[in-house]
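Have a look at the structure below, then the notes.
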Amino acid sequence: MLKYILGGLGLIAVGLAWFFWPVMANNMESYTINDIKEKGFIIVGHRGAAGHAPENTMASFRKAIELGADVIELDVHRSKDGHLIVMHDATVDRTTNGSGAISAMTFDEIRALDAGSWFGEAFKGELVPSLAEVIVGINGEVKVLIEIKWPKEGLYDGLGKQVAEEVHKYGAEEWCIIQSFDSKYLEEAHASGYNIPLQKLLVSQTSLFFVPFHKDNKFRLGRASVAHVESMNYYHKMINASLVERHHEEGLTVIPYTVNTTDEMIKVLGMGVDGVITNYPDVALALRNELK
């Protein structure tokens, strides 16, 4: 009996070691600003400037540009009547004065909501934007990184194609990028033929006894496909220098999320990443200026 218990504990230990290995490897690597001198990097404003303004609103996007972002990142869902809605969550509950699933609401119902007061009185009356509104409003001033969400299997079928068509409709292929945890949407966008750059979101990627695993929106056996994508964007605590180096050898960039402090930025930049996705573009800009 004891040997079975010990065997079981051993398997659990191996499983935990595999799961937490990226974090352990990350924590073992230490860098200082001297390790990244004269290194430029891309600043991506997460949901705009989510540390300074209500996320995924025009106010937040404008603030991100003001604070030095090279790219603004946003999230897209689909409304009941087929509009592309810019919001992170699948429901409007957290970031508006309303409630309910975006997929069960019409565009007009969503536009009637206040998307700013939850963050601060100064933003009262801020609207939930559509993707078209953001594309027209930004108009190539900076790049726009569009994340396609995946709230429920089958709910957003064809969303990758629809987003690509919206980008093409406004002639924004040169300054819009599509990313997603779900590779299905990236394949749909690629199949549209509009030549829009694609980026793959991941939580982690590692190997157990040389068998590769990765986690995007699900745990999966095997390495994440790099087909058609130009960048692999990980949760910042789940990367290390060797992973970044491997992707660079594949001709890919690595831009981790969500990197909010100077210390975190120095650490991942020391690993060789090409940029950071951050709620605080001003913090990233101050660091980049210091490196010049």
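Just a few scattered comments:
- Listing of strands (runs of 3 or more DSSP E) fully contained in the range 187-270 that carry 2 or more residues being closer than 28 Å to Pro281 by Cα: 198-202, 204-208, 231-234
- Ala164 falls short on exactly one of the conditions (1) assigned to a strand (DSSP E or B); (2) of a type in the set (A, V, I, L, M, F, W, C); (3) buried (at least 19 other Cβ atoms within 10 Å of the Cβ), and that condition is (1).
- Cβ pairs under 9 Å, 6+ apart, first in the range 278-292 and within 16 Å of Ile65 (Cα to Cα), second charged (D, E, K, R) and part of a helix (DSSP H, G or I): Thr278/Glu264; Pro281/Lys63; Pro281/Glu66; Asp282/Glu66
- Residue in the range 182-202 that is among the β-branched types (Val, Ile, Thr) and either modelled with pLDDT under 95 or closer than 22 Å to Tyr235 by Cα (or both) present: no
- Scanning the range 149-161 for residues that are part of a loop (DSSP other than H, G, I, E, B) and either aliphatic (A, V, I, L, M) or under 19 Å from the mean Cα position of the chain (by Cα) (or both) turns up Lys149, Trp150, Pro151, Lys152, Leu155, Tyr156.
- Among the residues making up the range 45-85, those that are surrounded by 24 or more Cβ atoms within 10 Å (Cβ to Cβ), within 24 Å of Ser231 (Cα to Cα) and not aliphatic (A, V, I, L, M) are Gly45, His46, Arg47, Gly48, Glu55, Asn56, Phe61, Glu73, His77.
- Some residue of the range 31-44 being crowded, with 24+ Cβ neighbours inside 10 Å, touching a residue at least 24 places away in the same chain (Cβ under 8 Å) and within 22 Å of Ser130 (Cβ to Cβ): yes
- Scan of the range 88-109 for residues that are touching a strand residue (DSSP E or B) at 6+ places or on another chain (Cβ under 6 Å) and either under 13 Å from Leu131 (Cβ atoms) or modelled with pLDDT under 95 (or both), ordered by number: Ile102
- Candidate set: the range 208-241, residues that are more than 22 Å from Asn279 (Cβ to Cβ) and touching a residue at least 60 places away in the same chain (Cβ under 8 Å); chosen: the one surrounded by the fewest Cβ atoms within 10 Å (Cβ to Cβ): Leu208
- Where a residue in the range 185-197 is among the β-branched types (Val, Ile, Thr) and its partner, wherever it lies, is assigned to a helix (DSSP H, G or I), with Cβ under 8 Å and at least six apart: Ile196/Ala164; Ile196/Val167; Ile196/His168; Ile196/Ala189
- Residue match in the range 235-248 (condition: closer than 21 Å to Glu29 by Cβ and either among the β-branched types (Val, Ile, Thr) or touching a Leu at 6+ places or on another chain (Cβ under 6 Å) (or both)): yes
- The set of residues in the range 177-207 being among the polar types (S, T, N, Q) and surrounded by fewer than 14 Cβ atoms within 10 Å (Cβ to Cβ) consists of Asn195, Ser207.
- Screening Ala164, Ala122, Ala132, Ala115 for residues that are small (Gly, Ala, Ser) and under 18 Å from the mean Cα position of the chain (by Cα) leaves exactly one candidate, Ala164.
The values are calculated or read from the model by the stated rules, or taken from the named source; none is laboratory data. Owing to the predicted nature of the structure, the values given are computational and were not obtained by experimental measurement. No Cβ is skipped: glycine too gets one built from the backbone with ideal geometry, and neighbour counts run over all protein chains shown.
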